[in-house]
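Chemist: One structure, as structure tokens, below. Some questions next.
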Amino acid sequence: MSLKEQIHSAIDEAQKAGDIVTRTTLRMVTSAIKDAEIAAGRKEADDAGVVAILQKEGKARREALAEAEAAHRSDLAEAARAELGILEKFLPTQLSEEAIRQLVREAIAETGATSAKEAGNVMKALMPKVRGQANGKLVGSIVQELLQG
């Protein structure tokens, strides 16, 4: 079952259970998926495309959560936290920092990089392996750290 089908199934389950937050959140995701498909000339989104959309939606919820907490709006923060939790159920498991460090070490050895100037080459080799499973900023900072150390 594709990720898109899993989301549709979860919407049906949420509808039957009367879970308005899950239903609404996942409907927003399906809308974003349809928008992306239309932008791509009606090409149906594959699982990688759906994961990218889920990550984008998750990032928006994290930003909303941070803004709500900064404004001391616990009601908005709780809503963003709930939506983020729903989205994360459909995202691939995130790699631990130690796992990322190991992959960075392997990419450094693979590319033969010896200085921070070669970080781009390491990132180019590494990102296809961690896409969807790690935050790019975190990966970049670990690459910089290990190349400088």
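The values are calculated or read from the model by the stated rules, or taken from the named source; none is laboratory data. On a predicted model such as this, the values are computed, not experimentally measured, just so you know. Positions of Cβ are generated from backbone atoms using ideal geometry, with glycine treated the same way; all protein chains shown enter the neighbour counts.
Chemist: Out of all the residues in segment 56-79, which are closer than 14 Å to V29 by Cα and surrounded by 16 or more Cβ atoms within 10 Å (Cβ to Cβ)? Before you say what the answer is, go through the steps one by one.
Modeler: Taking segment 56-79 as the starting set, the residues that turn out to be closer than 14 Å to V29 by Cα are 56-61.
Within segment 56-79, E57, G58, A60, R61 qualify.
Chemist: Looking at A48, A32, which one is more than 17 Å from I86 (Cα to Cα) and in a helix (DSSP H, G or I)?
Modeler: Working: A32 fails: more than 17 Å from I86 (Cα to Cα).
None of the others qualify; the one that does is A48.
Chemist: If you take the residues of segment 114-133 that are among the aliphatic types (A, V, I, L, M) and modelled with pLDDT of 85 or more, which of them is farthest from A48 (Cα to Cα)?
Modeler: To start, the set of residues in segment 114-133 that are among the aliphatic types (A, V, I, L, M) comprises 116, 119, 122-123, 125-127, 130.
Adding the requirement that they be modelled with pLDDT of 85 or more leaves 119, 122-123, 125-127, 130.
Numbers: A119: 25, V122: 22, M123: 19, A125: 18, L126: 17, M127: 14, V130: 12 Å.
Checking each candidate, the answer is A119.
Chemist: Also: Quick one: T93 ticks every box in (1) outside any loop (DSSP other than H, G, I, E, B); (2) exposed (fewer than 13 other Cβ atoms within 10 Å of the Cβ); (3) not charged (D, E, K, R) except a single one, so which number is it?
Modeler: (1)
Chemist: Among R105, R27, which is the only one that is assigned to a helix (DSSP H, G or I), within 20 Å of the chain's Cα centre (by Cα) and modelled with pLDDT of 90 or more?
Modeler: Values: R105 fails: within 20 Å of the chain's Cα centre (by Cα).
Residue meeting the stated conditions: R27.
Chemist: In addition: Inside segment 50-84, can you point out the residues that are within 24 Å of K4 (Cα to Cα) and touching a Lys or Arg at 6+ places or on another chain (Cβ under 7 Å)?
Modeler: The first filter runs over segment 50-84 and keeps only residues within 24 Å of K4 (Cα to Cα), leaving 50-62, 79-84.
Scanning segment 50-84 gives V50, A80, E83, L84.
Chemist: Restricting to segment 137-149, name every residue that is surrounded by fewer than 14 Cβ atoms within 10 Å (Cβ to Cβ) and either touching a helix residue (DSSP H, G or I) at 6+ places or on another chain (Cβ under 7 Å) or outside any helix (DSSP H, G or I) (or both). I'd like the intermediate steps shown before the answer.
Modeler: Initial filter on segment 137-149 (surrounded by fewer than 14 Cβ atoms within 10 Å (Cβ to Cβ)): 137, 141, 145, 148-149.
Selection gives Q148, G149.
Chemist: In segment 112-128, which residues are under 16 Å from Q148 (Cβ atoms) and in a helix (DSSP H, G or I)?
Modeler: Of the residues in segment 112-128, the ones under 16 Å from Q148 (Cβ atoms) are 113-123.
Correct list: A116, K117, E118, A119, G120, N121, V122, M123.
Chemist: A further question on this structure: Please name all residue pairs, on different chains or six or more residues apart, with Cβ atoms under 7 Å, provided the first residue is in segment 37-52 and is in contact (Cβ under 8 Å) with a residue 12 or more places away in the chain and the second residue is of a type in the set (S, T, Y) and surrounded by 12 or more Cβ atoms within 10 Å (Cβ to Cβ).
Modeler: Short answer, once both residue conditions are applied: D47/S2.
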